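Quick notes on the structure that follows.
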Amino acid sequence: MKIYFLLIYVTLLCVASLHANEDKAIKDILLKYNYGIIKMGRSGETEFFKSFVKEDVAVKLQVWFESWKFSNLTFLAELNDLRFSPIAYNENNATIRTIENWTFSYVNLATKKIALEPTKIFYKMQYTLQKNDNKWMIVAIKKLKEEKFTKPNTNKPSLKTKKKESKDEMPN
């Protein structure tokens, strides 16, 4: 009986270990993708995406980047925070959601000056990955939510004057 429980325990450990390795591989691909976006803005290079992103997804990314370039702009991006949800494994793919906090600013390529001031953007994303030849590849990306962080300018001077209380009035 002890051997039976030991065998079950060892099997569960092996399965958990394989699952942890798959989780790590998927998260590594997502980190590579997101830091690749930063690299793409600085260098214009998009070729490296082809090794871990399906071709049609990579083409959409390149078109997005080229449209900014056509406007004589490029972006400087900073990934402030990236959080992963648990991974849902399906029969032939895996799905994971992320919460991403980015700061983007845009630079004029001709003048090398900031054209659009830095903006913080919160994204909720969903990535679908497929395993081909023992290697995970991003096959679909869906933006679930996008929200710009806006901080009110509390130090902005105002021409409005505050009503002064008269000495006869009691404050509430």
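Just so you know, all these numbers are worked out from the coordinates, no wet-lab data involved. If you're wondering where the values come from, they're calculated on a predicted model, not measured in any experiment. All Cβ positions, even for glycine, are placed from backbone atoms using ideal geometry, and neighbour counts span all protein chains on display.
Peptide packing for 47-59, 130-142, 79-91, 96-108 was compared via the average number of neighbouring C-beta atoms within 10 Å per residue; ordered from the highest value, the list is 96-108, 47-59, 130-142, 79-91. Computed over neighbours whose Cβ is under 12 Å from that of Ala140, the net charge equals +3, Lys and Arg +1, Asp and Glu -1. Calculated FRET efficiency, Gln62 to Ala20, Cβ-Cβ distance, R0 = 35 Å: about 0.55 to the nearest 0.05.
Express in nm, to one decimal, how much length is gained between Asn101 and Lys145 on full extension, taking 0.36 nm for each residue of separation and deducting their alpha carbon distance.
Working: separation 44, 0.36 × 44 = 15.84 nm, distance 1.16 nm.
Answer, rounded to one decimal: 14.7 nm.
Taking the Cα atoms of the range 39-107, the ratio Rg/Rh between the radius of gyration and the Kirkwood radius comes to 1.04.
Cross-link pairs exceeding 20 Å between alpha carbons, from the set Lys50/Lys142; Lys39/Lys60; Lys39/Lys135; Lys60/Lys143; Lys32/Lys135; Lys27/Lys142: Lys39/Lys135.
Shape of the range 90-148 from the C-alpha gyration tensor: oblate (a/c of 1.5 or more and a/b not above b/c, with a ≥ b ≥ c the square roots of its eigenvalues).
What you get for the range 2-149, charging only the Cβ of Lys and Arg (+1) and of Asp and Glu (-1), is a dipole of about 200 debye around the Cα centre.
Normalising the Debye intensity of the range 2-149 to I(0), with uniform scatterers on Cα atoms only, and taking log10 at q = 0.12, 0.19 Å⁻¹ returns -0.58, -1.19.
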